[in-house]
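Take a look at the following structure, please.
Bear in mind these aren't lab numbers, they're just calculated from the coordinates by the rules spelled out. Keep in mind the model is a prediction, meaning the values are calculated, not measured. Positions of Cβ are generated from backbone atoms using ideal geometry, with glycine treated the same way; all protein chains shown enter the neighbour counts.
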Amino acid sequence: MRVSVRFWLPILALLASLGWAGAASAEYLVEEAGLRFPDQIGTASQSGGKRYPQPGLGHGIDYNGKTYGASIYVYDRGVSGIADGIGSDMVRSEFARAKSDIFAVQKQQNAPEPKLVGERKVSAAGVEFLTATYRYTRGDLDTLSLVAMTGLRRHFVKVRVSTRASDSGEAQARLDDFLQNFGRVLAGGSR
């Protein structure tokens, strides 16, 4: 099974946040969606963004916090009619695809299957997300990873946030904090 480069970016962002980070870059604009991504979201600094050359894959923007990494994807997969929010079949189907990517990569790496910690709907500054949190091990790193999805301005908006897992709840709090701050960016993100 072939896994896209978009899946690997949150892992690279996590590694960068654990000490391999570069300097923060300037604001990143996704012009076709009218969204601006600041150089800082919460405690995380933007470490870069790019437009993918393949049609429909859109943009990826990476952020590094001191103890976590996040990647944001804004894309349309070459389809039209993507509704805002989480209620459409298109958004729910794309969310299911995003969740299956986690399993595919673990299997490709001959790593243990990820364990679903929980799924829930989250509202962040009025923006609703479908979310799933997974715990998995890659190498010797015990990781907690959240994937979140919504539709916005005729695009899918997917977020992956990963951090070192802990049993104290601090890891989940880091993931949730980034998502709340990101929701505020989207709520005020018009040009």
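Tell me the relative contact order for the chain as a rounded percent, counting alpha carbon contacts under 8 Å between residues six or more apart.
Reported relative contact order: 22 percent.
For the chain, what is the mean residue ellipticity at 222 nm derived from helices alone (per DSSP H run of n ≥ 4: -39500 (n - 2.57); sum divided by total residues; nearest 500 deg cm²/dmol)?
Calculated at 222 nm, the ellipticity per residue is -8500 deg cm²/dmol.
How much length, in nm to one decimal, is gained on full extension between K50 and E119, taken as 0.36 nm per residue of separation minus their Cα-Cα distance?
That pair, K50 and E119, stretches by 21.9 nm at full extension.
What ranking, highest mean first, results for peptides 96-103, 157-164 when packing means the other Cβ atoms within 10 Å averaged over each residue?
The densest-packed peptide leads the list: 157-164, 96-103.
Something else now. How far, in nm, would the chain grow between A26 and A111 when pulled straight, counting 0.36 nm per residue and subtracting the alpha carbon separation?
Using 0.36 nm per residue and subtracting the Cα-Cα distance, I get 27.0 nm.
So what does the Cα-only Debye profile of the chain read at q = 0.17 Å⁻¹, as log10 I(q)/I(0), no solvent term?
-1.12
From a point 7 Å beyond the Cα of A187 in the direction of its Cβ, which residues of the range 123-164 have a backbone N at a distance under 11 Å?
Within reach of a label on A187: 123-128.
Taking only pairs that are 8 or more places apart or on different chains, how many Lys pairs in the chain have Cα atoms under 21 angstrom apart? Please list the in-between numbers first.
Values: K50/K158; K99/K107; K99/K115; K99/K121; K99/K158; K107/K115; K115/K158; K121/K158.
Step by step, the pairs that qualify in the chain add up to 8.
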